[in-house]
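S.K.: There's a structure below that I have some questions on.
The values are calculated or read from the model by the stated rules, or taken from the named source; none is laboratory data. Predicted model only: the values in this text are computed from it and were never measured. Quick note on the areas: whole protein, heavy atoms, side chains included, nothing else; ligands and nucleic acids left out. Shrake-Rupley method; radii C 1.70, N 1.55, O 1.52, S 1.80 Å.
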Amino acid sequence: MSLYQPEPVEISTRMRPGEWTEASLAELVDTYRTRISEMGAPAADIVTDVERNDDGSVKVAVSWAKPAVAGEEGSVPGGQPL
C-alpha cells in the first residue's frame, strides 16, 4: 500500500488592496515555495501563479503538480478498480 497521492498540493491566499507590498508579496511566494519544497516537491514541479487584479488585490497560489505514477494502487490493466 502506498501513501502517494497524485492530486496536486496547493498553498494559496488572497490579499486585499493595501494588505501587501511588492516586498511582502515576494517574501510570501518564497515562503510558500519553501513549504512545498519541504513536502518533497522537486523545484521543477513547483508552479507559482500570482494574479493581480484591477482593484489592487492579489491572489497567490503555489502548487506541486504531482505526476501520475504508473501502476498506481487501486487500478489494474483495463481500468478496472481493484
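S.K.: Please work out how much accessible surface Trp64 shows to a 1.4 Å probe, ignoring ligands, DNA and RNA, in Å² rounded to 10.
M.R.: Number for this one is 30 Å².
S.K.: Rounded to whole Hz and in sequence order, give me ³J(HN,Hα) for the range 8-15 from the Karplus expression 6.51 cos²θ - 1.76 cosθ + 1.60, θ = phi - 60°, writing x for Gly and Pro.
M.R.: x, 10, 9, 10, 8, 7, 10, 10
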